[in-house]
Amino acid sequence: MYANLVISLAAVAGAVQTPSRVTRVSRAHTSAVRMATVAPPEAAALGETKEVEMAVCPETMWGQQLDIVKAQEQLRSQERPQFPLELKAAEEVQQAGDTAAELAWFREHASELRTKMETNGAVVLRGFKLTQEPEGFQQMYEALGLEPCLDPLHSVSARPMVDKKSAVYEAVNKESRKNFFIGMHNEFVGKRAPRRAAFVCFKPAEEGGEFLLADGRGVLADIDSDLAKRLYERQIRYSVMELPFFGWIDSLPEPLRPPVMGAVKGVVTAALNAKVDFDVELIWGEAGYDGVRMLQARAPVQPPVVAHPSTGEPTWFCNVHSHSSVLRKQREEKYGAERFESGASQINKSDMYYGDGEPLTEEELKHLDETTMKNVHFVKMQKGDVVLLDNYCTMHGRNVFDGTRKHAVTWFK
């Protein structure tokens, strides 16, 4: 998720600064049976786990060019599998009462579970003791034959790991962000996206904190056809951060401002592009914090819809719900603003535009928000519960929460 990019790049901005009570989300559109992820217990709790070899996060597979009208017609006419699919530990496994029996069950059903991840999009596993601790979680995904990969933002180390020997990542679990509703998104950064993921709960929040899931195929099917066609043809582009630290330039004599702005932009551009493996374009603006002159970093243009790498099914692969500054502001008005605790947090401002830079209208954003939430499932995970998902056809997010919530994630090739 682009938002994490800023955590390790805050120093870049520093180098060019001036020289001198939680409301629960309505369940009106949820099923009976959801990033973002959060941290597992302390690293020491991992015990003695063998070191995991992690491949580089694979490059995003955009698939072939689509006829977006036919793609939506296809999705609307076909019957889709249950989403998410919920599976509980088999009775015979529960009766055995030991983690060895559970591990054997995962090995026996590995192929079936991998297939269901792809066809159903998400599989919720409940009632297993093995996955209540990080070591057992690792044994589970190894038994399924899933190959861990590095986080998409590994080059900037934006998301900390629980332990250097593990493939289990921490994420958004800070108390300061508990009232920050994490919008629906696929996990990708620039040109890299994991194929699959396993989210695990080590401790549920006392209130809220549901893991959110949405089938991208269902979202695409429900989007207004004219809007879908317009977005696909014009493509989209994300703003990944804002650097609001350049008000001092306005205090310079007028003749000096253009060359200074050019030099600053060049230095910051070089620094950012050295950190990531995709081109970042910086654009000057004056609408940043308190009207201060700022630099906005934008990622390359990309399509909002992709063909699934294996099935070829068209699916919504667009993070407007999590990245739109308008939608984020609306959620802040409902749940309260995030409490900024660092410079990195303060530059964590994303947005989304058409590929040509034009912003989406409020009407378009309202439709995309409503369509997305219509397809969201709130999954209240308990200790040991695991959600296996296909990152291309399934979006994830997180509800606001109160208390302490400890979840984790591992990405896979």
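The values are calculated or read from the model by the stated rules, or taken from the named source; none is laboratory data. Keep in mind the model is a prediction, meaning the values are calculated, not measured. FYI the Cβ positions are ideal-geometry reconstructions off the backbone, even for glycines, and counts take in every protein chain you see. What goes into the accessible areas is simple: the full protein's heavy atoms, side chains included, and nothing from ligands, DNA or RNA. Shrake-Rupley method; radii C 1.70, N 1.55, O 1.52, S 1.80 Å.
Numbers below:
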item	result
Odd one out for Gly288, checked against (1) open to solvent by less than 20 Å² (accessible area, probe 1.4 Å); (2) at pLDDT 85 or above	(2)
Every residue from the stretch 260-280 that is among the polar types (S, T, N, Q) and either surrounded by fewer than 14 Cβ atoms within 10 Å (Cβ to Cβ) or touching a strand residue (DSSP E or B) at 6+ places or on another chain (Cβ under 9 Å) (or both)	Thr269
Selection count, the stretch 372-399, where residues are open to solvent by 10 Å² or more (accessible area, probe 1.4 Å) and outside any strand (DSSP E or B)	6
Tally of residues being crowded, with 23+ Cβ neighbours inside 10 Å and not in a helix (DSSP H, G or I) across the stretch 102-114	0
Residues (of a type outside the set (Gly, Ala, Ser) and open to solvent by less than 40 Å² (accessible area, probe 1.4 Å)) located in the stretch 243-259	Leu243, Pro244, Phe246, Ile249
Single match in Ile283, Ile236 (criterion: exposed (fewer than 15 other Cβ atoms within 10 Å of the Cβ), within 30 Å of Gln65 (Cβ to Cβ) and modelled with pLDDT of 80 or more)	Ile283
Residue list for the stretch 115-135, filter: buried (at least 20 other Cβ atoms within 10 Å of the Cβ), closer than 15 Å to Phe199 by Cβ and touching a Gly at 6+ places or on another chain (Cβ under 9 Å)	Gly121, Leu125, Phe128, Thr131, Pro134
Qualifying residue in the stretch 129-141 (condition: modelled with pLDDT of 70 or more, outside any loop (DSSP other than H, G, I, E, B) and basic (Lys, Arg))	no
Output for the stretch 26-85, where each listed residue is farther than 28 Å from Val379 by Cα, of a type in the set (Gly, Ala, Ser) and at pLDDT 90 or above	Ala71
Filter result (buried (at least 23 other Cβ atoms within 10 Å of the Cβ), assigned to a strand (DSSP E or B) and touching a Ser or Thr at 6+ places or on another chain (Cβ under 7 Å)) within the stretch 198-231	Ala198, Phe199, Val200, Leu213, Ala214, Asp215
